[in-house]
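Chemist: Dumping the structure here so I can ask a few things about it.
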Amino acid sequence: MRKETSTNYSNEKRILAGCGMAYALSLIGGRWKPGILWQLLLEGKMRYSELKKTLPGISERMLVAQLRELEKDRLVSRIVHPEVPPRVEYELTELGYSMQPMLQSISDWGDLQRQAVAGSLSRSSYIPLLSFAVALFFLTTL
C-alpha cells in the first residue's frame, strides 16, 4: 500500500484525472487483465475454473485478485448462484463490453508489431497496416 502523501501517488492521481488513455490503461494494464477480458469477450459468462483453464500459468491468488480489481472497476460482474455447492460465474458488464473495439485494435496492433519485430513484415507493408489498425480503432469508437 502506498502512502497517500507521497509524490508518486499524487503524480499518478493527477495523470489519471487528466489523461483518458492513462486511465484506460490503468484499468486494463498488467499481465493478466487483458487475457481475462479477452476470454470473457469471446466466451461470455464463465465459471472461475473455466477461466483459470484458459489462462495457463496464472495462480489462483492472482486470478482472484485480478477479478476483484476488474469487479471493483465495474468491468466484470460476479454472479453467485445460491446452490450447494455454490456456483460462481463472471461476465463482462456493459462497460466491459464497450471496450471490445479498443481491445480488438490493441490486439491487432500487437500482432502487427510482433510480426514486424520478427522480420516477417517489411517496413513498407507494416506502415499501411498500422495506419489501418489505428483508423479502424477510431472509426469503431465513434
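The values are calculated or read from the model by the stated rules, or taken from the named source; none is laboratory data. These figures come from a predicted structure and were not determined experimentally. All Cβ positions, glycine included, derive from the backbone under ideal geometry; neighbour counts span all protein chains shown. Areas reflect the complete protein model, heavy atoms only, side chains present, ligands, DNA and RNA absent. Shrake-Rupley method; radii C 1.70, N 1.55, O 1.52, S 1.80 Å.
Chemist: Which of the residue pairs LYS13/LYS45; LYS3/LYS52; LYS52/LYS72; LYS13/LYS33; LYS45/LYS72; LYS3/LYS33 have a Cα-Cα distance greater than 29 Å in the structure shown?
Modeler: LYS13/LYS45; LYS3/LYS52
Chemist: Hand me the GluC sites (Glu not before Pro) from region 27-125 located in a DSSP loop with no more than 13 other Cβ atoms within 10 Å, in residue order please.
Modeler: Filter output for region 27-125: GLU83.
Chemist: So for the pair VAL84, LEU103, with labels modelled 7 Å out along Cα→Cβ, what separation do we get in nm?
Modeler: 3.6
Chemist: Probe radius 1.4 Å, ligands and nucleic acids left out: which of ILE36, ILE106 has the largest accessible area, and how do the rest follow? Walk me through the numbers on the way to the answer.
Modeler: Numbers: ILE36 0, ILE106 80 Å².
Ranked from most to least accessible, the order is ILE106, ILE36.
Chemist: Measure off, as a whole percent, the carbon and sulfur share of the 1.4 Å-probe accessible area of region 1-86, all protein chains present.
Modeler: 55
Chemist: Right, another one. Hand me the trypsin sites (Lys or Arg not before Pro) from region 1-99 located in a DSSP loop with no more than 11 other Cβ atoms within 10 Å, in residue order please.
Modeler: Those that pass, being in a loop and sparsely packed, are ARG2, LYS3, ARG31.
Chemist: Rounded to the nearest 10 Å², what accessible area does MET46 have for a 1.4 Å probe in the complete protein model?
Modeler: So the heavy atoms of MET46 present about 10 Å² to solvent.
Chemist: Hey, if we sort TRP32, TRP38, TRP109 by accessible area with the 1.4 Å probe, largest down, what's the order?
Modeler: Accessible-area ranking of TRP32, TRP38, TRP109, largest first: TRP109, TRP38, TRP32.
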